[in-house]
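Step one of this worksheet: look at the structure below.
What follows is calculated from the coordinates using simple rules that are stated; it is not laboratory data. Since the model is a prediction, treat every value here as computed from it, not as a measurement. Reconstructed Cβ throughout: ideal geometry from the backbone, glycine too, with neighbour counts over all protein chains shown.
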Amino acid sequence: MTIQELITELIEQKQLKWYGHVQRVSADALTTRVAGSKVGSKRRVGRPGKTMAQRAEELGLKRGKLVNELKAMTQNGGMWKTWVETPNQPTP
């Protein structure tokens, strides 16, 4: 693996860890409210940025998991951590 691939994998792991954390905390927690909120200002020109949920879905599909599987896995912190920390194996 190149250094760029290692850094990309580390960033993806951190994004998935944060997604799992936000999914496990209560709906009243500040992190959950911020993650699900929309900014009410004028949007810049160009493609809109991806939400945390969209990015997690993309990474889950890359690793072979569907959205409903991701949401179920986040509720079990130990299983989620093991899955996130397992290096991404490219599918042939």
Given charges at beta-carbon only (K, R positive; D, E negative), |dipole| of the chain in Debye: 540
Bins of 10 Å, starting at 0 and running to the largest distance - Cα pair percent for the chain: 14, 43, 30, 12, 0
By average C-beta atoms within 10 angstrom, highest first, the peptides 69-76, 40-47: 69-76, 40-47
Mean ellipticity per residue at 222 nm, deg cm²/dmol - from DSSP H runs of n ≥ 4 across the chain, formula -39500 (n - 2.57): -18500 deg cm²/dmol
Burial ranking of peptide ranges 79-85, 7-13 (average Cβ count within 10 Å, highest at the top): 79-85, 7-13
Neighbourhood net charge (11 Å Cβ-Cβ; Lys/Arg +1, Asp/Glu -1) for LEU10: -2
Stretch gain in nm, segment ILE7-VAL34, where the contour uses 0.36 nm per residue and the Cα spacing is subtracted: 7.1 nm
